[in-house]
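Student: My structure is below; once you've seen it, I'll send some questions.
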């Protein structure tokens, strides 16, 4: 079987591009220290309301200026709807969903994670400036998605 010279060039070009992209991805992963998630928490999405600490979501003080906030995302709201923390506090948010895929984002803070039923997502942030921060769902979750919001008040 004869393969035309231009076809061989295009095959070579395609394979070379795949090799270059694979090399770039591997290099980026090594340089940035990207690793697969480990110690990922799971939760039964049908029993979120009975599973501690999500059975009593809210803010929990761990140490001086160190807090953990437990949130449950469900159509079309977050529980709790509001938390108050002192300025300078480090908060680790633990979020899960009882129904569908949601987003969890506090714009202008870098807090942004996906919330998937069956998994517990976590993200941390130190709130240095007082104010009221809007917490929004940034993943379309249904017809009332635009209503899904909560607030974080930093005093």
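The values are calculated or read from the model by the stated rules, or taken from the named source; none is laboratory data. These numbers come from a predicted model, not from an experiment. Cβ atoms come from the backbone with ideal geometry, glycine included; neighbour counts cover every protein chain shown.
Student: Residue under question is residue 100, and the condition is that it be out of contact with any strand residue (DSSP E or B) (no Cβ under 7 Å at 6 or more places or on another chain), in contact (Cβ under 8 Å) with a residue 40 or more places away in the chain and assigned by TED's automatic domain parsing to the domain that holds residue 144; does it hold?
Tutor: Spelling it out, residue 100 is indeed out of contact with any strand residue (DSSP E or B) (no Cβ under 7 Å at 6 or more places or on another chain), in contact (Cβ under 8 Å) with a residue 40 or more places away in the chain and assigned by TED's automatic domain parsing to the domain that holds residue 144.
Student: If we scan the stretch 71-85, do we find a residue that is surrounded by fewer than 18 Cβ atoms within 10 Å (Cβ to Cβ), over 13 Å from the mean Cα position of the chain (by Cα) and at positive phi?
Tutor: No; the residues of the stretch 71-85 include none that is surrounded by fewer than 18 Cβ atoms within 10 Å (Cβ to Cβ), over 13 Å from the mean Cα position of the chain (by Cα) and at positive phi.
Student: Going through the stretch 93-108 one residue at a time, which ones are in a strand (DSSP E or B) and closer than 25 Å to residue 46 by Cβ?
Tutor: The answer is 93, 94, 95, 96, 97, 102, 103, 104.
Student: Under 9 Å by Cβ, and 6 or more places apart or on different chains, what pairs join a residue from the stretch 40-58 that is assigned by TED's automatic domain parsing to the domain that holds residue 114 with one that is surrounded by 15 or more Cβ atoms within 10 Å (Cβ to Cβ) and in a helix (DSSP H, G or I)?
Tutor: Taking only residues 6 or more apart or on different chains, the pairs are 54/48; 55/48.
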